[in-house]
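Have a look at the structure that comes next, please.
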Amino acid sequence: MADENIVIGSFEFADDTQKAIVKLREAGFDEVQLFSPLPNHDLEDEMFRGKKRSPVRRFTLLGALTGCLGAFLFTSFMSVDYPIRTSAKSLISVPAFVVVAFECTILLGAIFTLASMGHFSRVPNIFQNPAHRPEFSNNRFGLAVKVPRSKNEDVEGIFSDLGAEKTEVQYVR
């Protein structure tokens with residue numbers, strides 16, 4: 001939309017930031033971005049309450065299953081293609097293949113996890129976020145809300161009521 005703005009609030013304390021997230025959600029503002037100088041689990045829990053979980057775990061499972069199945073198939077094929085008869089043991093001996101299957105499970109699970117994390121987190125992010133301020137990486141917590149221009153004052157009022165040190169409006173073109 002052409003008539004949208006980003007309202008940015010800077011907070012000193014994590015508790016005030018968490019209260020602002022709750023208040024914004026109650027007021028119906030869903031497009032909220034959080035900037036934090038350090039990991040804070042309470043803020044993250046509040047930000048992602050009721051939202052979908054990451055699909056990365058499904059790709060990890062897919063990679064692990066692919067690695068395990070592939071290892072068993074690969075070692076079974078090698079045992080049949082180049083048979084080494086030892087005593088009266090069968091060619092396909094599952095206990096001997098478990099170590100290779102375990103290692104391939106871990107390897108492909110890790111590779112799929114890394115690739116899916118890179119894909120879903122959009123790394124590298126070559127576009128600069130217009131709402132980010134340098135103090136959000138240093139000593140302040142920041143909230144940015146994308147709202148229609150008619151609701152700027154509502155969000156600014158919520159921020160000022162809950163202890164925002166600075167509130168600014170970024171006009172989006």
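Every residue in segment 132-173 that is assigned to a loop (DSSP other than H, G, I, E, B) and closer than 22 Å to HIS41 by Cα, please.
Once the filter is applied, which keeps residues that are assigned to a loop (DSSP other than H, G, I, E, B) and closer than 22 Å to HIS41 by Cα, segment 132-173 yields HIS132, ARG133, ASN138, ASN139, ARG140, LEU162, GLY163, ALA164.
Do we find that LEU108 is surrounded by 12 or more Cβ atoms within 10 Å (Cβ to Cβ) and over 19 Å from the mean Cα position of the chain (by Cα) in this structure?
Answer is yes for this residue.
Matching residues to (1) among the acidic types (Asp, Glu); (2) closer than 30 Å to THR167 by Cα; (3) in the same structural domain as PHE159 (by TED's automatic domain parsing); (4) touching a Phe, Trp or Tyr at 6+ places or on another chain (Cβ under 9 Å):
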position	(1), (2), (3), (4)
PHE13	no, yes, yes, yes
VAL22	no, yes, yes, no
ALA27	no, yes, yes, no
GLN33	no, yes, yes, no
GLY63	no, no, no, yes
THR75	no, no, no, yes
ASP81	yes, no, no, no
ILE84	no, no, no, no
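Looking at SER93 and the list (1) in the same structural domain as SER36 (by TED's automatic domain parsing); (2) among the hydroxyl-bearing types (Ser, Thr, Tyr); (3) surrounded by fewer than 17 Cβ atoms within 10 Å (Cβ to Cβ), which single condition is not satisfied?
Among (1) in the same structural domain as SER36 (by TED's automatic domain parsing); (2) among the hydroxyl-bearing types (Ser, Thr, Tyr); (3) surrounded by fewer than 17 Cβ atoms within 10 Å (Cβ to Cβ), SER93 violates only (1).
Okay, next question. State yes or no: is THR75 of a type in the set (Val, Ile, Thr), closer than 17 Å to PHE141 by Cα and surrounded by 14 or more Cβ atoms within 10 Å (Cβ to Cβ)?
So THR75 fails the test.
Here is a further query. Kindly provide the set of residues from segment 116-171 that are more than 23 Å from LYS19 (Cβ to Cβ) and touching a strand residue (DSSP E or B) at 6+ places or on another chain (Cβ under 8 Å), ordered by number.
Passing the criteria: ASN129, PRO130, PRO148, ARG149, TYR171.
Looking at segment 1-55, which of the residues that are of a type in the set (A, V, I, L, M, F, W, C) and assigned to a loop (DSSP other than H, G, I, E, B) is modelled with the lowest pLDDT?
If we take residues in segment 1-55 being of a type in the set (A, V, I, L, M, F, W, C) and assigned to a loop (DSSP other than H, G, I, E, B), then MET1 is modelled with the lowest pLDDT.
Only one of VAL94, VAL100, VAL147 is more than 30 Å from ALA164 (Cβ to Cβ), within 35 Å of the chain's Cα centre (by Cα) and hydrophobic (A, V, I, L, M, F, W, C); which?
Just a single option satisfies the conditions, and that option is VAL100.
May I pose another question? Quick check on my filter: what residues within segment 48-62 are under 20 Å from GLN33 (Cβ atoms) and either surrounded by 13 or more Cβ atoms within 10 Å (Cβ to Cβ) or touching a strand residue (DSSP E or B) at 6+ places or on another chain (Cβ under 9 Å) (or both)?
Result: SER54, single match.
What number of residues within segment 119-142 satisfy the criterion of being surrounded by 12 or more Cβ atoms within 10 Å (Cβ to Cβ) and free of Cβ contacts under 8 Å to residues at least 12 places away in the same chain?
1
Here are some residues: PHE11, PHE35, PHE29, PHE72. Which one is of a type in the set (A, V, I, L, M, F, W, C) and free of Cβ contacts under 8 Å to residues at least 40 places away in the same chain?
Every option except PHE72 fails the conditions.
Okay, next question. Looking at segment 1-30 only, could you name the residues that are more than 17 Å from PHE141 (Cα to Cα) and of a type outside the set (Lys, Arg)?
Within segment 1-30, MET1, ALA2, ASP3, GLU4, ASN5, GLU26, ALA27, GLY28, PHE29, ASP30 qualify.
Run down ALA101, ALA88 and say which single residue is on the phi < 0 side of the Ramachandran plot and in contact (Cβ under 8 Å) with a residue 12 or more places away in the chain.
Step by step, each of ALA101, ALA88 is checked, and only ALA101 is on the phi < 0 side of the Ramachandran plot and in contact (Cβ under 8 Å) with a residue 12 or more places away in the chain.
The values are calculated or read from the model by the stated rules, or taken from the named source; none is laboratory data. The structure presented is a predicted model; accordingly, all values stated were derived computationally and were not measured. Cβ sites come from the backbone with ideal geometry, for glycine too, and all protein chains shown count toward neighbours.
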